[in-house]
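Derivation of every value follows stated rules applied to the coordinates shown; laboratory data play no part. Here the structure is a predicted model, which means the values were calculated and not measured. Positions of Cβ are backbone-derived with ideal geometry, glycine not excepted, and every protein chain shown enters the neighbour counts.
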Amino acid sequence: KIGRQVGWLNKNITLTELISYSDVVEPLSMIDVTIAMAILKELEQKGGEILNPTQWICSAAANAVQRGGLSGVMMSEGSSSLPTVSASLDSTGKISRQVGWLNKHVDLAAPISFSDVVQQLSALDI
C-alpha cells in the first residue's frame, strides 16, 4: 500500500525531487499504516512546497514514532526504542540519504539496512 502511494505521488504530484522509496519504506513501515498514509496524504497536499520530500517523510515518520504511532508489528517485536534512536542519530538525514543513494545506484549483493548502520556511522566524526 505504501509503495503504491509513493509511486503514485512520484508520477502524479509536482515535487521538487522524487521520493526515494528505499529511504522511506523502513521509517513508514515502523508506524501504523493509517499514520503512514496520512503523512503521504499531507505531502500530496503540500506538493512542491516541500524542498526534500524524502527527508520530510522520514522526519514525519520519526515524529510519529516519538508520539507513539508504532505499527503493531514493531510493538509486538519489542523494538519500540529503535526508530527513535535511529531518528535521533541521523537528525540531519545525511546517513539516510547516502544509504538510499547507495542502495539505488550501486550494484550491491544485498541492500544496506539503515537501522543496521546508523549507530556506527553516526559515531564517526566526519
Original post:
Could you count how many residues in the stretch 1-45 are in a helix (DSSP H, G or I), of a type in the set (D, E, K, R) and either at positive phi or surrounded by fewer than 19 Cβ atoms within 10 Å (Cβ to Cβ) (or both)?
Top reply: 6
Original post:
Among the residues of the stretch 30-51, which ones are among the charged types (D, E, K, R) and over 17 Å from THR16 (Cβ atoms)?
Top reply: ASP32, LYS41
